[in-house]
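Visitor: Can you keep this structure in mind? I'll have questions shortly.
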Amino acid sequence: MIFKHRTEPTELTILKLLAHRMELSKEDQLNFFNLKKGYEGEKLFDTFLEKLECDVLVLNDLLLSSSNQTFQLDTLLVTNNLVYIFEIKNYFGDFYFKNDRLFQKNDNEVSNPLNQLQRSELLLRQLLHKLGFSIPVQSMVIFINEAFTLYLAPLDKPFILPTQLKTFFQKINSHKSTLDMQHKKMAEKLSSLHMQQHPHQKRPSYNNDQLQTGMSCGACQSLTITIQNKKSICTTCKNEESIDSALIRNANEYSLLFPNEKITLPKIMDWCRIITSKKQLRRVLDNNYQKVSKRRWTYYE
Ligand SMILES: [Zn+2]
């Protein structure tokens, strides 16, 4: 059972929106690519977990803290006698493993996912102990991409290669035991300790003047929207959406990109550009946000 669902990382959502509104720096472009690839890999891994028929609990995307140290878990799986934590890597191409280090075939070193995972495992053990749960923790690195090859793959490391995924899940699925209240309590507790945002979350740097305004498409994020018959239609991907829904989504996007700005009618008019009816926008904002009026100022939150 999926106990905690995965959502798109905020940093990825922000970069996705920005990519259509400004020229991303080389660093942001690389970060965007890696986040996107990583998220795709995690979603692919989720499809395996969703097919499990045995009695387990799945907690995705946990950000926890123990002994004042923050750690992130891609997936945590509770079985009756073991908690698995999975670090999912969507690497593709040829790699080799040598002296506890991971290299691409062209000798370019990438960080060894085991280092991060071992730290997370230790912190999770400490946290569970503190909370009064006694259950072993086992960590695994999942290489999810079919186009990933690992030369000199060590037998003593907890790596699951793409060709081993099916067997690994068959093994978990063959567990006949059932979970009890303690397992459920543990999942609830961990879920309640999840932090929404990393204390040192990075944000790309941009300001209002740099960004191209215009209504974005909900499917492909491009700014190529036309309005026809009370619908917003994307000329790039042909996606259709009601104007109301597109307006509210764009107001939300504005608020995500500019968390310190207040939402006001003129600002969202400027932001969406294409909308000519003030009345329509006011109605949508009135219905979806809390209206705050201070003297002659009105804003929404
Ligand atoms: Zn589109």
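Visitor: Taking only pairs six or more apart or across chains, which ones have beta-carbon atoms under 8 Å, a first residue in the stretch 85-97 that is over 24 Å from Leu124 (Cβ atoms), and a second residue that is surrounded by fewer than 20 Cβ atoms within 10 Å (Cβ to Cβ) and of a type in the set (D, E, K, R)?
Guide: Qualifying pairs under 8 Å: Gly93/Lys105; Asp94/Lys105; Phe95/Lys105; Tyr96/Lys105; Phe97/Lys157.
Visitor: Ok, one more. Looking at (1) within 16 Å of the ligand (Cβ to nearest atom); (2) without any contact (Cβ under 8 Å) to a residue 60 or more places away in the chain; (3) open to solvent by less than 90 Å² (accessible area, probe 1.4 Å), which one does Met215 not meet, given that it meets all the others?
Guide: Every listed condition holds for Met215 apart from (2).
Visitor: Do we find that Leu247 is aliphatic (A, V, I, L, M) and away from the ligand (no atom under 15 Å from the Cβ) in this structure?
Guide: yes
Visitor: If Met186 passes every condition in (1) touching a residue at least 60 places away in the same chain (Cβ under 8 Å); (2) more than 25 Å from the chain's Cα centre (by Cα); (3) more than 16 Å from the ligand (Cβ to nearest atom) but one, which one does it miss?
Guide: Exception for Met186: condition (2).
Visitor: Taking the options Thr167, Thr178, name whichever one is farther than 22 Å from Asp94 by Cα, of a type in the set (Ser, Thr, Tyr) and at pLDDT below 95.
Guide: Answer to the check: Thr178.
Visitor: Which of the residues that make up the stretch 160-181 are among the basic types (Lys, Arg) and either under 25 Å from Ala147 (Cα atoms) or not assigned by TED's automatic domain parsing to the domain that holds Phe97 (or both)?
Guide: Passing the criteria: Lys166, Lys171.
Visitor: Just checking: which of the strands (runs of 3 or more DSSP E) contained wholly in the stretch 98-205 hold 3 or more residues that are open to solvent by less than 80 Å² (accessible area, probe 1.4 Å) and not aliphatic (A, V, I, L, M)?
Guide: 137-143
Visitor: Out of all the residues in the stretch 82-97, which are in contact with a strand residue (DSSP E or B) (Cβ under 7 Å, 6 or more places away or on another chain), in a loop (DSSP other than H, G, I, E, B) and under 20 Å from Glu42 (Cα atoms)?
Guide: Within the stretch 82-97, Tyr91, Phe92 qualify.
Visitor: Give just the number: which of (1) open to solvent by less than 90 Å² (accessible area, probe 1.4 Å); (2) on the phi > 0 side of the Ramachandran plot does Lys238 not satisfy?
Guide: Here Lys238 clears every test but (1).
Visitor: Now for a separate question. I need a count of the residues in the stretch 218-239 that are over 20 Å from the mean Cα position of the chain (by Cα) and either away from the ligand (no atom under 16 Å from the Cβ) or of a type outside the set (Val, Ile, Thr) (or both).
Guide: Number of matching residues: 11.
The values are calculated or read from the model by the stated rules, or taken from the named source; none is laboratory data. None of these values were measured; they are calculated from a predicted model. Every residue, glycine as well, gets a Cβ built from its backbone with ideal geometry; the counts of neighbours run over all protein chains shown. The area values use the complete protein model at the heavy-atom level, side chains included, leaving out ligands, DNA and RNA. Shrake-Rupley method; radii C 1.70, N 1.55, O 1.52, S 1.80 Å.
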